[in-house]
Amino acid sequence: QVQLVESGGGLVQPGGSLGLSCAASGTIFGIEDMDWYRQAPGKQREWVARVSRDGYKAYTDSVKGRYTIARDNDTNTVDLHKDSPKPEDTAVYYCHAPIMTDLHGRYLGYWGQGTQVTVSA
């Protein structure tokens, strides 16, 4: 069974840093673009950042502050960081990726279960 599992959530201090990780596990033959999303209480889920299989990166311009994204294809992991997060960054953060689970098969989209981030002093 293929799974995406986020980790690193919890309380984050304003002026500190937000650091998350998402790891794919199971029978994996390929992973395409890996994305991070966030969903604040009472709000729609919104896209945050993407890193392609060959390392191309893209970020949202709809929120304040700068995120950084990186992936490690050897460990099937994608990370998300943000310096000096604010209370409005409080949200459940999700990762998503299309994953091929059978050789010469098709890619299917997978979501992680989400990890709660609370920015507060």
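The values are calculated or read from the model by the stated rules, or taken from the named source; none is laboratory data. Just so it is clear, the model here is predicted, and its values are computed rather than measured. Every residue, glycine as well, gets a Cβ built from its backbone with ideal geometry; the counts of neighbours run over all protein chains shown. These accessible areas exclude ligands, DNA and RNA; they are computed on the full protein's heavy atoms, side chains included. Shrake-Rupley method; radii C 1.70, N 1.55, O 1.52, S 1.80 Å.
Straight Cα distances below 21 angstrom link K86 to the lysines K43, K64, with same-chain residues fewer than 8 positions distant left out.
As a fraction of the 1.4 Å probe accessible area of the chain, surface on carbon and sulfur atoms comes out at 48 percent. When Rg and Dmax are taken over the Cα atoms of region 62-121, they come to 14.9, 50 Å. With the highest mean first, a sort of the peptides 15-22, 102-109 on other beta-carbon atoms found within 10 angstrom per residue produces 15-22, 102-109.
Mind grabbing the base-10 log of I(q)/I(0) for region 12-71 at q = 0.13, 0.22 Å⁻¹? Debye formula, identical points on the C-alpha positions, no solvent, two decimal places. Reported log10 I(q)/I(0), two decimals: -0.43, -1.07.
Here the 3J(HN,Hα) profile of region 24-35, calculated from phi with Karplus coefficients 6.51, -1.76 and 1.60 at θ = phi - 60°, is 9, 9, x, 7, 10, 9, x, 10, 8, 4, 10, 10 Hz, Gly and Pro shown as x.
Per residue, how big is the convex hull around the C-alpha atoms of the chain? Give it to me in cubic angstrom, could you?
98 Å³
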